[in-house]
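Shown next, in structure tokens, is the structure this report addresses.
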Amino acid sequence: MIVIAVHGGAGNARPVTLKERREGVQKAMEAGWEILTHGGTALDAVEAAVRVMETLPFFNAGMGSVLNGDGIAEMDAGIMDGRNLNVGAVAAVSHIRHPVTLARRVLESEFVLLAGSGAEGFAWEHGFHHVPNRDLVTKQRLETWLENAGFSGKPAGYPWGDTVGAVALDASGSLAAATSTGGLTGKRAGRVGDSPLPGCGFWADNEWGAVSTTGLGETIVRSLLARRAVEGLERGLAPKDAADQALVYLKEKTGGWAGLILMTPNGETVARFNSSSMSYAIMRDDWKAPKFSE
Ligand code: ASP
């Protein structure tokens, strides 16, 4: 069986981009699907899917990332291989077009997580191009930042999400997960959320499941949301119950909100959230057509 699921972030979706969002998750899903149907790995599929969303301006990842308090697109990303628990992640990186691919390079290195200027140095050594901040910033993100310039250093409200992620199961039975984000609008420079932290923003273990999360990062980290959802599967819960119980735990313990896509080793997949919306797309080879959030 092959399965892919992608999400375009939990939050309060701005109606103006619902259509774009839907087309965006569809495009991302198709990129991953193409790889899976040609016998590619789940790891390649999730990277490809996330790369698509990193190029689309209305997602908060790569180009289109929200700006931190200093007006910089400062991004986090992580990727995990369910075959061997290999993880690669980058935190608080700027000037990178595809943070998920940089995370993938880290996964292939002796490191797990590289941050800030060190991660960028690693990127230049590995042939990544230095992208000027202005090429990652969209008009809409700049306007939002300008309207809120007074809140520098403090994540002010969370009117929408737009973080991206993917999970996949390939023909060999392997799972993978990836997540990429610009974080929270106006976040303090150097603030790192859940997205590059295994067990928080993502997790993949062939034996139990794969997950990508989105939402209020500080509360996802404190509740180890990704790991908790997979733990639910380990305890024998159905995927929907595992996801919902993890979200209830996050809400009750921390007051936060979040969403996630969760996939089991046999391809059962759920998309659950306690925010007002989350865009997603799911495709399996025993379905005639994909399922969408909206
Ligand atoms: N989880 C991301 C962060 O806190 C934001 C999001 O998912 O929208 O950095």
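Of the candidates Leu250, Leu233, Leu262, Leu237, the single residue that is crowded, with 16+ Cβ neighbours inside 10 Å, touching a residue at least 12 places away in the same chain (Cβ under 8 Å) and not in a helix (DSSP H, G or I) is Leu262. Taking the range 177-203 as the search range and keeping residues that are surrounded by fewer than 24 Cβ atoms within 10 Å (Cβ to Cβ) and among the charged types (D, E, K, R), which one is farthest from the ligand (Cβ to nearest atom)? The selected residue is Arg188. Residue by residue through the range 67-107, note down the ones that are surrounded by 22 or more Cβ atoms within 10 Å (Cβ to Cβ), over 14 Å from the mean Cα position of the chain (by Cα) and assigned to a loop (DSSP other than H, G, I, E, B). Once the filter is applied, which keeps residues that are surrounded by 22 or more Cβ atoms within 10 Å (Cβ to Cβ), over 14 Å from the mean Cα position of the chain (by Cα) and assigned to a loop (DSSP other than H, G, I, E, B), the range 67-107 yields Leu67, Asn68, Gly69, Ala73, Glu74, Gly82, Ser94, Ile96. Just one of (1) modelled with pLDDT of 95 or more; (2) among the small types (Gly, Ala, Ser); (3) farther than 17 Å from Ala177 by Cβ fails for Ser152. It is (1). Being at pLDDT 95 or above, among the aliphatic types (A, V, I, L, M) and within 16 Å of the ligand (Cβ to nearest atom) holds for only one residue in Leu237, Leu225, and it is Leu225.
If you scan the range 193-230, which residues turn out to be polar (S, T, N, Q) and either under 21 Å from Gly173 (Cα atoms) or outside any strand (DSSP E or B) (or both)?
Residues satisfying the conditions are Ser195, Asn206, Ser212, Thr219, Ser223.
Checked against (1) closer than 25 Å to Phe111 by Cβ; (2) away from the ligand (no atom under 16 Å from the Cβ); (3) touching a residue at least 24 places away in the same chain (Cβ under 8 Å), Ala61 passes all but condition (2). If you go through the range 23-33 one residue at a time, do you hit one that is over 14 Å from Ile282 (Cβ atoms) and within 16 Å of the ligand (Cβ to nearest atom)? There is at least one residue in the range 23-33 that is over 14 Å from Ile282 (Cβ atoms) and within 16 Å of the ligand (Cβ to nearest atom).
The values are calculated or read from the model by the stated rules, or taken from the named source; none is laboratory data. As the structure is a prediction and not an experimental result, all values here were calculated from the model. Here Cβ is always computed from backbone atoms with ideal geometry, including for glycine, and neighbour counts include all displayed protein chains.
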